[in-house]
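Take a look at the structure set out below.
What follows draws every value from the coordinates through simple rules; no lab data is involved. Not measured: the values here are computed from a predicted model. Here the Cβ is made from the backbone with ideal geometry for all residues, glycine too, and neighbour counts use every protein chain on show.
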Amino acid sequence: MLGNLKRLIGGISSVIVFTLVLVTSGTMSMTIRERVREIAILKALGFGARRIFCLILAESFGLAMIGGLAGCLGAWVLVHAVDIYKLSAVCSSTSRSRRGSSRRACLSRHCSHR
């Protein structure tokens, strides 16, 4: 039973990675198509195809690193700003005391105070 779950998670992860590769390649091809003039000017100045490719790849890598660092920083701030144990204790005690309140209402009330 657990092997099937691992296989399911592996399959979903594979689909996600494949989708990310397709999106990345689409973005890279759009970047090259939008910069035909710039590439032509670089070739006229004497840059080789390999050098131009390296410039485009370096720019893409730099943008990906900045985006990855921004995402990690945002996740770190979110993890340290929200105390999940305190939040779950407040919501479980609130939902036991009030029969009509839902967890979503509890979460929205608790998060609106921060």
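One residue alone among SER60, SER29 is of a type in the set (Ser, Thr, Tyr), surrounded by fewer than 11 Cβ atoms within 10 Å (Cβ to Cβ) and under 26 Å from the mean Cα position of the chain (by Cα), and that residue is SER29. Residue count for the range 30-58 under the criterion of being in contact with a Ser or Thr (Cβ under 8 Å, 6 or more places away or on another chain) and not hydroxyl-bearing (Ser, Thr, Tyr): the result is 1.
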